[in-house]
Each structure stands twice: as structure tokens, then as C-alpha cells.
Amino acid sequence: MQRVWAVVLSVWAMLAIVAVLAWTHHPPAPVSSPAAAQTLVVKGANGKQQLVVVQPGALGATHGTTSTSGVVR
Amino acid sequence: MTARLERSTFRAVGTMCEAAVTAGPNDGRFARLALASARAEVAACEAALSRFDAASDLSRLNAAGGEWTAVDRRLVEALRLALRAREDTDGRFDPTVLPALVAAGYDRSFEQLAERPARRAAGWRAGAAVEIEDEAGLVRLLEPGAAVDLGGIGKGYAASQALDAMHDAWPMLPGGLVDLGGDLALRGDTPEHGPWRIRIADPRRPGATAGVLVLDSGGVATSGRDVRRFGPGGSLHHLIDPETGAPAEAGPLTVTVVAPDAAEAEAHATALGISPPADAAAHVAAHPRISALYIPHEGAALPLGALPLAQRRIVVRAA
């Protein structure tokens, strides 16, 4: 009888551990698509080439655009 | 239903323009009223400030031969702002460069320019005096041959005025934006209840973005030599250096300026548009109200001052 109780307790203990782990470990956030990132090669002030990464998600919807006044050439 | 951006697109001041307001589901009538007011105000500013309209207040002033001329209050205000900007920029922005601009070949509206070699205005010098009687609405040019061009500040002024007109027409306006060919005035809430996001077009890669500005209010203007070119083979541009009286040699491909007011932004953009990088950096450092993105013909773009850029550029490798 003691062995039966020991098995039951150990099963419950294992379930409790699994429940706690499930509660405290959130699934990782989905990784944003690599296509959203912009990688640019630009020339620095001293002529050196720099590889620049524009953070994904930074280029969201915009409300307006600024540029030199567009005119018919 | 949620708030949305109601827009009105129209052609004025020689370029494409847009007014936009944040409007709720039941605000359609107020939104249309505000947008119509913006459009009317831009037309009124053009009638007062354009040098390409022979009947404008500015054209009458330039043709008055130094006599006192009664003008619209918009021209008085724009001249006041322009003369203040001339002081603020140590003469790099000068509204009296018109004789030099005309001599260089920019003597009619851009679409009608003919290809002819540039000349220099004989005897022209920068910094011509302008006298203003505010209360009477009178203006005169004190030096023989002097003439005013507000091309480097007028669109910014008109954008600010149009934004004010939208607020006058709809006092409860949640938020609005006026864009006159890339010179913008904005204020209040967006439909998303966040800041306004303004894309800076990359002049070196058509269709690409050089940065995204995040602003609650203020003005944005871009000046450059990437599009307004004329003369033989498009070899000339409209940015006159007041020191030489000729199209400037130094300066960026484009420069975008953020300031509390659109007219201020445009005047400083015009000044930085003829400045080499070191001078531009010193100018922005001396004027904490403004910030800028300076895009040279080659090499990396230079953010100057506290530029409110949304995107973060991370240099991961330098070779």
C-alpha cells in the first residue's frame, strides 16, 4: 500500500512541477521576418564602407513625406 | 468606427499639396470645412506671395521702384519672418536674392524655364533693406533695383497659415497636417492617437526612405538641388549663395529641417542647402530649436541636432 501512495505522490509532484514550468516559461515571441530588415552599405565620412542595419518595424505607415518640391523638369 | 485621416489633394504654389485632418465617424462635415479652409488659405497666400503672378502683392512691391506699397497682411508677416531668418542665418538665407536668381536664369515659373546660360546680376549685393509699416500694411524696398523672392520661406509660411485656418474653421479639430510640396506643418492627434510619422524621401534612391521623423507638432521642410535644375543640361539650380550671387557650389544634395514652425524650418533648410557639412553642423548647434538630416551627394547622411528619427540605424561592421 505504501508503494502505491508513493507512486501517486510522485506522479502528482511531477505534474505540479510541469504546471509551474508551463506557467513561468512563456513561449518565445515570433521572430520578425528577415525581409522586414533593411541592410545598407554606406560610405562613412572618412571613406570607409559601413554595413548599416535599419531595425525591422521602424518603417511603419507614415502620414506624409518631405522632399524637395517635385516639379516638372 | 475609429478615427481616420480625411485628405484633400490639390495643386498650388507650383507643386502638389495636401491637407489632412484626423476625423471621427461623425466629423465628416467639419472635416470638409477644415480642408476647404486650408485650400482657400493656400490660395490667398499664393495671391499675396508669388513672384510668378504679376498681380500678386509681392510682384506689385517689386515693381514699385522703392515707393510705399499697400500689401496683404500675409506679405507683411512673411517679410517679417524672412528678415528675421536672414539675421538668424547670418545672411545665408536672404529674401532679396531675386535679382541674382533671375540673372542665373530662374526668371519664370519652373515649368516654363528655357535653357539659357547663366549670367550674374550686375551690381547686385545681398542684404537689401526692406522697410515695413506694420499697422498700415505698407512696405517699400529701400535700394534701387532691389527685389524680393519668398521662395525659400513662402511655402512653409503658407503651410502654417493653412493649418491655423483649419483650426479656425473647426476649433475642436483633433489634429491636422498641411503638406505643400514637401514643406509640412502639423499639430494635434493622428487617427492612431500617436505622433505624426513623416517619411524623408531618399534623393539618391528614388522611392526609398532616408528616415522617418516622429513629431507631435511643428514644421518640416526639405531643400535641395536634386529636382529644381535648369539652364544648359540642367547644370544650374535655384539655391543662390548670397555671398557670390550665383548658384551655390557647396552644400548637400538635400537637407531636411525640423523646427517649431514650418516657415522657420524652410528658411533654415534654404540656409543649410548652401552650407558645407561642417558649417551646417555648427549652424544647427547654434540653433537648438532646429534639427536636420543632411544628405550629401556621396557618403552617409548626417543627423544634426536632436533629430526625432523613428528608425535606428545600427552600424554592424566598418571595413
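The values are calculated or read from the model by the stated rules, or taken from the named source; none is laboratory data. Please read these numbers as outputs of a predicted model, since none were measured by experiment. Note: ideal-geometry Cβ built from the backbone for every residue, glycine included; neighbour counts use all protein chains shown. Surface areas here come from the heavy atoms of the whole protein model, side chains and all, with no ligands, DNA or RNA. Shrake-Rupley method; radii C 1.70, N 1.55, O 1.52, S 1.80 Å.
Might you let me know whether segment B:222-231 holds any residue that is more than 9 Å from chain A (Cβ to nearest Cβ) and at pLDDT 95 or above?
No: zero hits.
Filter segment B:260-298 down to the residues that are under 19 Å from B:ILE153 (Cα atoms) and within 12 Å of chain A (Cβ to nearest Cβ) and list them by number.
B:ALA262, B:ALA265, B:GLU266, B:ALA269, B:THR270, B:GLY273, B:ALA292, B:LEU293, B:TYR294
Quick grid of which residues meet (1) more than 14 Å from every other protein chain (Cβ to nearest Cβ); (2) under 28 Å from B:ALA128 (Cα atoms); (3) buried (at least 16 other Cβ atoms within 10 Å of the Cβ):
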site: B:SER8; (1), (2), (3): no, no, yes
site: B:VAL13; (1), (2), (3): no, yes, yes
site: B:MET16; (1), (2), (3): no, no, yes
site: B:THR22; (1), (2), (3): no, no, yes
site: B:PRO25; (1), (2), (3): yes, no, no
site: B:ALA40; (1), (2), (3): yes, no, no
site: B:LEU49; (1), (2), (3): yes, yes, yes
site: B:SER56; (1), (2), (3): yes, yes, yes
site: B:VAL71; (1), (2), (3): yes, yes, yes
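Could you check segment B:1-46 and list, in sequence order, the residues that are part of a strand (DSSP E or B) and touching a Pro at 6+ places or on another chain (Cβ under 7 Å)?
Within segment B:1-46, B:ARG4, B:LEU5, B:THR22 meet the criteria.
If I go through segment B:58-69 residue by residue, how many of them are outside any loop (DSSP other than H, G, I, E, B) and either among the hydroxyl-bearing types (Ser, Thr, Tyr) or open to solvent by 20 Å² or more (accessible area, probe 1.4 Å) (or both)?
Going through segment B:58-69 one residue at a time, the tally reaches 4.
Cβ contacts < 7 Å: first residue β-branched (Val, Ile, Thr), restricted to segment B:214-227; second residue open to solvent by 20 Å² or more (accessible area, probe 1.4 Å) and assigned to a strand (DSSP E or B), any location; separation 6+ or different chain. Result?
Taking only residues 6 or more apart or on different chains, the pairs are B:VAL214/B:ARG197.
Looking at segment B:192-203, is at least one residue farther than 18 Å from B:THR22 by Cα, open to solvent by 30 Å² or more (accessible area, probe 1.4 Å), modelled with pLDDT under 95 and part of a helix (DSSP H, G or I)?
no
Could you please let me know if B:PHE30 is in the same structural domain as B:ALA271 (by TED's automatic domain parsing) and either more than 30 Å from B:LEU173 (Cβ to Cβ) or open to solvent by 20 Å² or more (accessible area, probe 1.4 Å) (or both)?
Yes; evaluated as a whole, the condition is true for this residue.
One line per residue, one yes/no per condition, for (1) modelled with pLDDT of 95 or more; (2) in a loop (DSSP other than H, G, I, E, B):
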{"site": "B:ALA147", "(1), (2)": "no, yes"}
{"site": "B:ALA158", "(1), (2)": "yes, no"}
{"site": "B:MET172", "(1), (2)": "yes, yes"}
{"site": "B:GLY176", "(1), (2)": "yes, no"}
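From the list B:LEU141, B:LEU180, B:LEU163, B:LEU173, exactly one residue is out of contact with any Cys (no Cβ under 7 Å at 6 or more places or on another chain) and within 14 Å of another protein chain (Cβ to nearest Cβ). Which is it?
B:LEU163
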